[in-house]
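First comes the structure, then the notes that go with it.
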Amino acid sequence: MDIVLEITMFQKLQITVYIVLFALHPLDKVPAFNKLAISNQDFIGTWKGEGRIIVAWCQQKQLSFEFQIDMNKNVLGKIGDAQILNGKIRLNNIVYRWLGNRKYIIDAQLTNYLIKKEKIRRESIRVFLDFENPFFVGGFHTSGSKFGGKEKMILSGTNVKLVKISI
């Protein structure tokens, strides 16, 4: 009889967990997990804006962005003085989004100097974005190390705001 009672308590706990998860996850959000919103025509086009650099060792305080996003989720354009190579936009990992991170990520390789005037060069960048109609908003981190100053340290920024300028 005790074993039957324990199984019943476990089942009640399991059912309670499912009900709580269901209540916290509205049904209108479920389809978004199965397909990228990137296929939406609203995302395709040219986006321009800037973000605030938040590292103390950089003299420049703003970084410009210009992205061209196509229907295959490819991203071309410029970030600062650097050209984007092999850029892609994708939906961020669902666990990271549940933890409050941005919905979209743009990963790109960079050519030349990111900030030519200060001779700051980085190999790649990751831009974290949310679509808050009509803007993309977010932040960024470049490749680099956690230490080392402007020669090799990660260049980070926040308050990225991009507006669509053409289709």
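Annotations for the structure displayed:
- Chymotrypsin sites (Phe, Trp or Tyr not before Pro) within region 41-116: DSSP coil, no more than 16 neighbouring Cβ in 10 Å: W57, Y113
- More than 25 Å apart - percent of Cα-Cα pairs taken over region 37-166: 20 percent
- Members of K103/K152; K61/K103; K116/K150 lying beyond 23 Å, as alpha-carbon distances in this model show: K103/K152; K61/K103
- Sites matching trypsin sites (Lys or Arg not before Pro) across region 108-158 that sit in DSSP coil, with at most 14 neighbouring C-beta atoms within 10 Å: K119, K146, K152
- Residue-count net charge about Y104 - beta-carbon cut-off 13 Å; Lys, Arg +1, Asp, Glu -1: +3
- Nearest-0.05 FRET efficiency for T158 and D70, computed from C-beta distance (R0 30 Å): 0.65
- Label point distance in nm, F135-S166, each placed 7 Å from Cα along Cα→Cβ: 2.3 nm
- Radius 10 Å from Cβ of I115, net charge of other residues (Lys, Arg +1; Asp, Glu -1): +4
Read-outs: derived from the displayed coordinates by stated rules, not from any lab. Computed from a prediction, not measured in an experiment: that's the story for all the values here. Heads up, the Cβs are rebuilt from the backbone with ideal geometry, glycines too, and the neighbour counts pull from every protein chain shown.
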